[in-house]
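The values are calculated or read from the model by the stated rules, or taken from the named source; none is laboratory data. Everything numeric here is computed off the predicted structure, so don't read it as measured data. A quick note on method: Cβ atoms are made from the backbone with ideal geometry, for glycine too, and the neighbour counts reach across all protein chains shown.
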Amino acid sequence: MNVAVRSPLPVLALVILGLGGGELFLSARLRQNPVANARLCRYDLCDDARLVNFAYTQQLRGDPQSVATAIQLLADSLARDSASALRWADLGDALATVGSPDKARFCVDRAVELGHTSTPILVGAGQFYLQNANRLQGLRSMARALALTSELDEAIFSRFAAFRISSREVLTDGLPPGSRAVQSYLQYLIGQQALADAREVWRWMVARRLADRRIAVDYSDFLLGRKLFQEAAAAWAAPGGQPAGYRIRQFLYNGDFEQEPSTAALDWKIDPLEHVEVDRVPGADSGKFSLRIRFGGSANIDYSQVGQKVALPPGRYRFQAYIRTDNLTTDQGVAFRISDAETPHRLSVETEQVLGTTAWHPVKAAFAVSPATQLVDVRVIRRPSLKFDNAIAGAVWIGRLSLTRVE
């Protein structure tokens, strides 16, 4: 279709010859006039970008005449720059709006051929293919975009959801190889609270060794928030690099502090508190590291800032930790408390407290977990002193913590 162009002035009358240097200048008013601009294109004097923007505006109006005008303008623009992937994509998009899927697909295919490293082209093509019942090609186009950038992850995953694409289809055809994109997809599903899909993606990742400690933090915390305590513990134990025997013989994670604590709820959580310094330091009763807690001697501290959540099946258990102290003052020392993380009155036991200066030695506690208790909290505690001289000073080191089942 040809665009009807009417103007009372000949085109050459629209051109003003610059007196200085012989340059050709165009009136700004004429550049802003789409009709005059289109006529100038016959002489390669038009502002093509402005014409394309005008075509977009016409397409958005949606009525048949406006869309036809947009198609003609975009086709003319493509004729002037047939190597532009964007121009092919623009024309394909416009043709799709008027029910010309075959012509539109030809343009989109050509856009992908020319713009195979352009994420906007690939995402736009993926959208077109999905809208036109070509799910496989759409998924693969999106996968190619995900391989190029992480900035469009959420937008692409949202499109998958909008087209009701199953997580199985996404895993099979909609993601590039490697761990980055699939981990991002799992994080998206977690954000959407899509438990069933998140479970499927997690199993798929673990089977292919694409899960690491960082994504295990997110997934296990997500499961804990749903009160799926045993499932969360199994997920936290799944990635490689976890301590030997974890969840088999030893239910405490990183009990010897050989790893830096992560942010996971099933790892050690260390919250800051004024007048107290906590450090992971070299030197231990066994192994290379221990956790040192130093009290500044200027406050009567109520301390419970170091702890770990542990999912335990019903049964009898034994807790043990090795501890060393240096000049730990006041009548209230340091101990460990094991309690039901949801309802402490169901379960609460403590080890003996340690004061003064001591060499490395064990402290212990035995307890039973009933079916009502699913998550326990293991915590370092120091209660406030009721004495006049109550500001605690000194240091304590802890290491070789274990929580084992008694057969």
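When region 208-224 is filtered for residues that are in a helix (DSSP H, G or I) and either under 15 Å from the mean Cα position of the chain (by Cα) or at pLDDT below 95 (or both), the ones remaining, listed by number, are Arg213, Arg214, Ile215, Ala216, Val217, Asp218, Tyr219, Ser220, Asp221, Phe222.
Against the list (1) within 30 Å of Ala68 (Cβ to Cβ); (2) surrounded by 15 or more Cβ atoms within 10 Å (Cβ to Cβ); (3) within 22 Å of the chain's Cα centre (by Cα); (4) not β-branched (Val, Ile, Thr), the condition Pro120 fails is (2).
The residue that is nearest to the chain's Cα centre (by Cα), counting only those in region 87-103 that are hydrophobic (A, V, I, L, M, F, W, C) and within 17 Å of Leu60 (Cβ to Cβ), is Ala89. Confirm whether Asn53 is part of a helix (DSSP H, G or I) and at pLDDT below 80. No; evaluated as a whole, the condition is false for this residue. The single residue among Arg324, Arg280, Arg318 that is free of Cβ contacts under 8 Å to residues at least 60 places away in the same chain and either in a strand (DSSP E or B) or among the hydroxyl-bearing types (Ser, Thr, Tyr) (or both) turns out to be Arg280.
Answer yes or no as to whether Ala299 is part of a loop (DSSP other than H, G, I, E, B) and modelled with pLDDT of 95 or more. When the stated conditions are applied, Ala299 passes them.
Looking only at region 84-93, decide whether some residue is modelled with pLDDT under 85, in a helix (DSSP H, G or I) and touching a helix residue (DSSP H, G or I) at 6+ places or on another chain (Cβ under 6 Å). Within region 84-93, one or more residues are modelled with pLDDT under 85, in a helix (DSSP H, G or I) and touching a helix residue (DSSP H, G or I) at 6+ places or on another chain (Cβ under 6 Å). Considering Ile190, Ile165, the condition of being at pLDDT 95 or above, surrounded by fewer than 20 Cβ atoms within 10 Å (Cβ to Cβ) and either of a type in the set (A, V, I, L, M) or outside any helix (DSSP H, G or I) (or both) is satisfied by Ile165 alone.
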